[in-house]
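So the structure is just underneath, and the comments pick up after that.
None of the figures in this text is laboratory data; all of them are computed from the coordinates on show. In this text the structure is predicted, and so the values were computed from the model without any measurement. Note that each Cβ is placed from the backbone with ideal geometry, even for glycine, and that neighbours are counted across all protein chains shown.
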Amino acid sequence: MSTISYDASGAAQQAIAQHIDGLVEDRIATRIFAKDHTLWGPDAESESAIRLGWVEAPTVSQSLVDGIVELRDALRAEGVSRIVLCGMGGSSLAPEVIAGTAGVELTVLDSTDPEQVSAAVADRLAETAIVVSSKSGSTVETDSQRRVFEKAFNDAGIDAKSRIVIVTDPGSPLDKASREAGYRAVFNADPHVGGRFSALTAFGLVPCGLAGVDIQAFLDEAEEAAEILNEDSADNIGLALGSALGGTTPLRNKIVIAEDGSGIVGFADWAEQLIAESTGKLGTGLLPVVAGPDSPEALGGASDVLVVRLVGAEADVELRENEVAIAGGLASQMFLWEFATAVAGRLLAINPFDQPDVEAAKVAARGLLDARPEPTPAAFTDGAVEVRGGDWLGSASTVSGAVQALLGQLGSDGYLSVQAYLDRISHAPLAGIRDELAAVTGRPVTFGWGPRFLHSTGQFHKGGPAIGVFLQVTAASSKDLEIPERPFTFGQLIAAQASGDAQVLEGHGRPVLRLHLTERAAGVAQLQEVVAALAGQASEIGS
């Protein structure tokens, strides 16, 4: 039985009191489930009309289960024990959370870093099948990953066609090409569901089901949650959460999401894209901040921060001021947050189903791949780090000085975004600088692995309020990796993606500090030391 519980305090509770009666009176809950595309204003109607299939996904997706389980059993009988998901953004974030929470191995390859891709291809290839997930198939990262795996299978004497499974929209270029190529299986998703709302569709279910997750139980739980949310009632938890997210006055637009005993692994990473890409546009929006219950933002009490804690069902929760606590199973939570994000979009007066600024970085990256310009000369080099930035760098001549100069551009209502274009598996400890930088700045800090964050918070960075400052980390690779039948390598691709995004951010007037590590291990260690020293200085001043 699906149970969801919810509690709120302070500004979150006030927002619920302010908006809940109007939402009930306007029948927002039942109209969402009736796929009423007029709920988000005239400008949003054409997009909303083709993006509301997610409300019936728990039921519609039941028809996928038998086929997924049958294929899983057949692959296992052939000795396939490892599933690799090649996908980005909405195609990868939900499966990673679902599999991680279920304790099932699923290798999620959502990177163009040549070292991360090489490691994924080299690991147990004889026991591997890949799931290539893309709505259209035009996603350059996913296409490149498929190409390198297909070559690796064939080079190893493995029939590549028997090891490649496709998830895409019906009639897409990828759908047609995959059927012509004779790949092992092609699963079609509902084309009326956007990527970030697709957790309960084929995009979420196929890779997890093949990896061994009980997707039938997952969908059953989601169906029960849908019944709870499809009610025009002041007790509707989805209306309450939507009010807290999008209806505080003044708007608390930094949403700190902290895992605090729920047992769900990585939920905030999935919610990050859902919220940022859905709301970050027209100069407004909500910035999700993935943090821990004791992170500086969760304890700081800033006037523009709302803390949401994911707690256990039996937890005795003592709420701090301006907090929300939610308990529930993963499928229930995913459906709840999709629903609440749609409600928040209405309160924010934006279209939650488009992403007008995501394409800009892709266009810039493609232009750089075609033109191959020489890199912008570094302002200076300190140890294993080349430093590039704007006029605001001033007289800085060290990495520490450059970071401090960037932080000097941070406003009282701003945030810092750290963007690391590195192997997120081998360099996972680098994410520890997030809490340290939050302590140094006293402001919310996000940490994203490139290029995957481009499909997530990248929309908010460009379309939301102009209050962010950006620390981009790139690195040289000791070995590059060719992409079959493409005129560029993975190393060139990730470099173009980083440069393209920095170019677009700077074009929007955002300060971007670019740190290029000329040697990975030494550069990562140097950056960690710099940030630790700054945190130590801040701690001494604070005490």
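What to note about this one:
- Relative contact order (percent, whole number), the chain, Cα cutoff 8 Å, 6+ residue spacing: 19 percent
- A straight line joining the Cα centroids of the stretch 450-487 and the stretch 110-149 runs 17 Å.
- Extension reserve of the Ala371-Ser5 stretch, reckoned as 0.36 nm per residue once the Cα distance is removed: 126.4 nm
- Translational diffusion coefficient (Stokes-Einstein; Kirkwood radius from C-alpha pairs) of the stretch 56-219 at 4 °C, 1.567 mPa s, in µm²/s: 84 µm²/s
- Per-residue ellipticity at 222 nm, computed for the chain from helices alone with -39500 (n - 2.57) per DSSP H run of at least four residues, works out to -13500 deg cm²/dmol.
- Förster radius 30 Å - calculated FRET efficiency between Thr30 and Ala349 (Cβ-Cβ, nearest 0.05): 0.90
- FRET efficiency, 1/(1 + (r/R0)^6) with R0 60 Å, evaluated for Ala122 and Trp392 via beta carbons: 0.90
- Of the cross-linked pairs Lys281/Lys479; Lys254/Lys479; Lys281/Lys362, those separated by over 28 Å at the C-alpha level are Lys281/Lys479; Lys254/Lys479.
- Put simply, when 448-459, 286-297 are sorted by average Cβ atoms within 10 angstrom per residue, most first, you get 448-459, 286-297.
- A simple packing score, the average count of other Cβ atoms within 10 Å per residue, orders the peptides 372-385, 195-208 as 195-208, 372-385, with the highest score first.
- Projected over every direction and averaged, the convex hull enclosing the alpha-carbon atoms of the stretch 358-542 yields 10.5 nm².
- Here the extension length gained between Arg486 and Glu78 equals 143.7 nm, from 0.36 nm per residue of separation less the Cα-Cα distance.
- The gain in end-to-end length when the Asp143 to Asn230 segment is fully stretched comes to 27.5 nm, 0.36 nm per residue minus the alpha carbon separation.
- Checking every one of the trypsin sites (Lys or Arg not before Pro) in the stretch 1-101 against DSSP loop status and a limit of 14 other Cβ atoms within 10 Å picks out Arg27.
- The GluC sites (Glu not before Pro) of the stretch 412-503 that DSSP puts in a loop, and whose beta carbon has at most 11 other beta carbons within 10 Å, are Glu485.
- The packing ranking, built from the mean of other Cβ atoms within 10 Å per residue, places the peptides 11-18, 123-130 in the order 11-18, 123-130, highest first.
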